[in-house]
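The values are calculated or read from the model by the stated rules, or taken from the named source; none is laboratory data. Keep in mind it's a predicted model, so treat the numbers as computed, not measured. Note that each Cβ is placed from the backbone with ideal geometry, even for glycine, and that neighbours are counted across all protein chains shown.
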Amino acid sequence: MSNTPFINIHIDDEALEQQILKQIKEKMQEIGHDKIFYSLDELIEVTSFSKGHIMNTFFNDPRFKQIRRKIGRKWVFPVKETNEFLKQWILEQPNG
């Protein structure tokens, strides 16, 4: 038998990153530019992350803490600042 692998998978990290950024941009456009705030449910939809993943990754990032606001029992996130943060945050994540 040959030592050549039957399947060889190669992931282009740069292409993957660009695809993620493209999908974030498309989702933000779907939600609309007229919105002032995202709700937590909309943030989940925009990022395609679960609530738990958001809470465990960037929710407590000091930069995001400056953006988010709790109004009564509801979290709200200014759209423009949140989008800018998310674009920077995803670029900082390790590939692979």
Worksheet entry | Selection count, the range 13-42, where residues are among the small types (G, A, S) and either in contact with a Ser or Thr (Cβ under 8 Å, 6 or more places away or on another chain) or closer than 21 Å to Q93 by Cβ (or both) | 1
Worksheet, complete the sentence: Note on the range 77-91: residues among the aromatic types (F, W, Y) and more than 15 Å from S48 (Cα to Cα) are F77, F85
Worksheet, complete the sentence: Filter the range 49-96 for residues that are out of contact with any helix residue (DSSP H, G or I) (no Cβ under 7 Å at 6 or more places or on another chain) and β-branched (V, I, T); the one that is nearest to K22 (Cα to Cα) is V79
Fill in: Any hit, the range 54-69, residues being modelled with pLDDT of 95 or more, in contact with a strand residue (DSSP E or B) (Cβ under 8 Å, 6 or more places away or on another chain) and either closer than 17 Å to K25 by Cβ or not basic (K, R) (or both)
yes
Worksheet item: Quick check: is even one residue across the range 22-34 among the charged types (D, E, K, R), surrounded by 11 or more Cβ atoms within 10 Å (Cβ to Cβ) and over 15 Å from the mean Cα position of the chain (by Cα)?
Response: no
